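Report on the structure given below.
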Amino acid sequence: MSLSELQSKIEQRTAIVGVIGLGYVGLPVACALASAGFQVIGVDVKAERVALINQGCNPIDGAEPGLTELLAKSVDARRLCATVNYNDLAQADVILIDVETPVDETHSPQYIALAHACQKLAQVIRKGTLVIVESTIAPGTMQDVVRPLLEGLGKKVNIDFFLGACPERVMPGKLLANLHSMSRVCGAYSSETSAAMIALYRHIVAADLDAADCITAELVKTAENAYRDVNIAFANELALICEVTGGDFLRVRELVNKSPGRNVLFAGAGVGGHCIPKDPWLLAAGARDKIAMRLIPAARAVNDSMPLHIATLTRHALESAGVDITTARIVVMGYAYLENSDDTRNSPSAALVTQLQAWGATVIIHDPWVPEYKTDLMQCLNDGDAIVVMVAHRDYKTIDLAVLREHLRTPILIDGRRVFDAQLARSAGFSYFGVGQGKVAEG
Ligand SMILES: NC(=O)c1ccc[n+]([C@@H]2O[C@H](COP(=O)([O-])OP(=O)(O)OC[C@H]3O[C@@H](n4cnc5c(N)ncnc54)[C@H](O)[C@@H]3O)[C@@H](O)[C@H]2O)c1
């Protein structure tokens, strides 16, 4: 099939679409394309996930408006089916790759899933198939990793198949809404391939679709997340400065942001998730042997230090209350990396818990969205010596502070996300410590 034939199949929605990796990114895109009228085949290595999806059940536990319904509808209408078998992709005209792309301990890309997907795919792609990598990858990965693996069995890009990169921009909690409303970069090995990609995404994206080459698509995606990480690091460092100088970060932020062109982000107990903690390293990976990286690693270090800072605040608060940390019972509220999500990847709470336990504390974890920690909060609090709020889940925002206080043995509240009002917490009898709130601001 020629590219123009493929493009017209895409425009008429008669193209069959494959999606490899049915996680936070792949599942919503598979559902969106199915609901736009395409026949979609989803492939995942996790058999239980595949079985759940085929029953029309959403495997994502976090609040994802519309996804559960869209998935059930797509499966019911037989527009979406999932499989563990790559051979089923032999009938696909377009194949999206949405597998995880973490970094290892040395901050180098770890492409085990990506390489496996490409190797399996190389065995089944037909002449004229369009392959699009949606996973976030380091600049140069399309050329150095994806293309050689897909060409490994002799088929050539732009002759036997077509290849592009269109990194996803979604965020848990708004997966479908982001997918629909955020612009995308359609990077490819030819402008005709970019045009076919734009034709595909036009069915599900109501925003700009910009044609580019692969390296630009890779750079843009990793740069946008590195940009966010650096900006969060600035906010976190400013919060630390406020703590020791006696200001209140929230008030300082509000007033700084009145200055034109300033937009200081919120400070907090750390940065987690699958993307922001690793995408800056992916951006740096392509160039770190050639130029000295200073800002990106420094920002990562600031953000990674925040859980330890919260642990230190907790330890000092316990000491001030005369509680030895080795006898303390500390309740951590929130284990997901993001509010109202079940995603615990690179959770700042994990780093906090490890530190508190290393100091000898007993730690009880509660999270209303993470199945493992979805227990009764009030029971968790009984005989507690400190609460540490790590996630601004909506379930926490409406809690009555007086009820929280009643259950505790020692009324210490460390607020890593500034969920609670300091005055109200103190009126309820708490020793309250909010991130970014200095001694003078405490009053
Ligand atoms: N999570 C986000 O908010 C987000 C946002 C934008 C971009 N991204 C990027 O999208 C990509 C996917 O992230 P995610 O959060 O969806 O990850 P995920 O872990 O939720 O999903 C990946 C899925 O791929 C499956 N998988 C792994 N290897 C496979 C293989 N060889 N064949 C078939 N399936 C395989 C896994 O079982 C899993 O279900 C990453 O590159 C990530 O950086 C993620």
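The values are calculated or read from the model by the stated rules, or taken from the named source; none is laboratory data. Quantities reported herein were computed from a predicted structural model and do not represent experimental measurements. Ideal geometry is used to build each Cβ from the backbone, glycine not excepted, and the neighbour counts take in all protein chains shown. Ligands, DNA and RNA are excluded from the accessible area calculation, which covers all protein heavy atoms including side chains. Shrake-Rupley method; radii C 1.70, N 1.55, O 1.52, S 1.80 Å.
Below is a table of values for the structure above.
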quantity	calculated
Approximate spin-label separation ASN158-ILE291, in nm, with each point projected 7 Å along Cα-to-Cβ	2.7
Under 15 Å from the ALA206 label point (7 Å along Cα→beta-carbon), backbone N, region 143-176	176
Positive-end residue, region 296-442 charge dipole about Cα centroid, Cβ charges, pick of VAL403, ALA328, GLN423	GLN423
FRET efficiency estimate (nearest 0.05) - Cβ-Cβ, LEU3 to GLN123, R0 25 angstrom	0.65
Extension gain (nm, one decimal) between TYR227 and ALA301, 0.36 nm per residue minus Cα-Cα	25.2 nm
Rounded if a/c under 1.5, otherwise prolate or oblate - region 296-442, Cα gyration tensor axes	rounded
Protection-proxy order for peptides 370-378, 39-47, each taking the mean of Cβ atoms within 10 Å per residue, highest first	39-47, 370-378
CD proxy at 222 nm, helix term only [per DSSP H run n ≥ 4: -39500 (n - 2.57); per residue of the chain; nearest 500]	-12000 deg cm²/dmol
Residues of region 217-250 with amide N under 17 Å of a point placed 7 Å along Cα→Cβ from MET182	217-232
Rounded if a/c under 1.5, otherwise prolate or oblate - region 3-207, Cα gyration tensor axes	rounded
The chain, dipole about Cα centre (Lys/Arg Cβ +1, Asp/Glu Cβ -1), debye to the nearest 20	600
Antiparallel bridges, percent of DSSP beta bridges restricted to the chain (to nearest 5)	10
Net lengthening on full extension, LYS73/GLU11 (0.36 nm per residue, minus Cα-Cα)	20.1 nm
Theoretical FRET efficiency, 1/(1+(r/R0)^6), r = Cβ-Cβ of THR354 and ALA63, R0 22 Å, to 0.05	0.20
Length-normalised contact order for the chain - Cα pairs under 8 Å, 6+ apart - percent	13
Area of ARG418 that stays accessible when all protein chains are in place (1.4 Å probe, Å², to 10)	40
Length gained when the stretch VAL244-THR362 is fully extended (0.36 nm per residue, less Cα-Cα span)	39.6 nm
